[in-house]
1. Determine, yes or no, whether G56 is at positive phi, surrounded by 12 or more Cβ atoms within 10 Å (Cβ to Cβ) and modelled with pLDDT of 95 or more.
2. Can you tell me which residues in the stretch 7-33 are surrounded by fewer than 20 Cβ atoms within 10 Å (Cβ to Cβ), touching a Gly at 6+ places or on another chain (Cβ under 9 Å) and assigned to a loop (DSSP other than H, G, I, E, B)?
3. Six or more apart or on different chains, Cβ under 8 Å: which pairs go from a residue in the stretch 65-94 that's closer than 15 Å to S48 by Cα to one that's surrounded by fewer than 16 Cβ atoms within 10 Å (Cβ to Cβ) and of a type in the set (G, A, S)? Could you list them?
4. Which condition number does P121 fail, the rest of (1) in contact with a helix residue (DSSP H, G or I) (Cβ under 8 Å, 6 or more places away or on another chain); (2) modelled with pLDDT under 95 being met?
5. On the basis of being touching a helix residue (DSSP H, G or I) at 6+ places or on another chain (Cβ under 6 Å), of a type in the set (K, R) and modelled with pLDDT of 95 or more, does R61 make the cut?
6. When the residues of the stretch 39-53 are narrowed to those that are assigned to a strand (DSSP E or B) and of a type in the set (A, V, I, L, M, F, W, C), which ends up surrounded by the fewest Cβ atoms within 10 Å (Cβ to Cβ)?
7. Inside the stretch 95-108, can you point out the residues that are surrounded by fewer than 19 Cβ atoms within 10 Å (Cβ to Cβ) and not in a loop (DSSP other than H, G, I, E, B)?
8. Regarding the stretch 35-56, can at least one residue be identified that is among the β-branched types (V, I, T) and closer than 17 Å to I116 by Cα?
Amino acid sequence: MGKFASTDVLDGSLNIVRAATRMVATNGQPASYAAADSGRLAEAALASGDFTLAAGDISGRKVSIAAKSGLAVVAAGTADHVALLDAATSRLLYVTTCPSQALVSGGTVSIAGWSIEIGAPS
């Protein structure tokens, strides 16, 4: 017997991610909103226009997050993770790795566009 998940089901999870209002670069994987907030090396504000829902590259659905450039570095360190935060509810919504980059306080950094994909059941 085959498996199936409605686009509505897959988009439901991705719509929660789209509630993010901040994207932060961190050193190491934060385990909570507080850890991501206090450990941020750089951050960008996010708006609904920064997210695009679409068919997945492999299967299912994806949400693409827009690139952000010229972000002020607020603390020195090595950025190796990017986290999406919902400031209104103090929730850590999603964390992923990024290419490791040494950041200098007072400098700037760019975060390339990236996607989260939820595959169709197989």
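1. no
2. N27, G28
3. Here the result reads I65/G113; I65/S115; A66/G49; A66/G113; A67/S110; A67/A112; A67/G113; K68/S110, each pair linking the stretch 65-94 to a residue that is surrounded by fewer than 16 Cβ atoms within 10 Å (Cβ to Cβ) and of a type in the set (G, A, S).
4. (1)
5. Considered against the rule, which asks whether it is touching a helix residue (DSSP H, G or I) at 6+ places or on another chain (Cβ under 6 Å), of a type in the set (K, R) and modelled with pLDDT of 95 or more, R61 comes out as yes.
6. A45
7. V95, T96, T97, C98, P99, S100, Q101, A102, T108
8. Within the stretch 35-56, one or more residues are among the β-branched types (V, I, T) and closer than 17 Å to I116 by Cα.
The values are calculated or read from the model by the stated rules, or taken from the named source; none is laboratory data. Predicted model only: the values in this text are computed from it and were never measured. With ideal geometry, Cβ positions are generated from the backbone for all residues, glycine too; neighbour counts draw on all protein chains shown.
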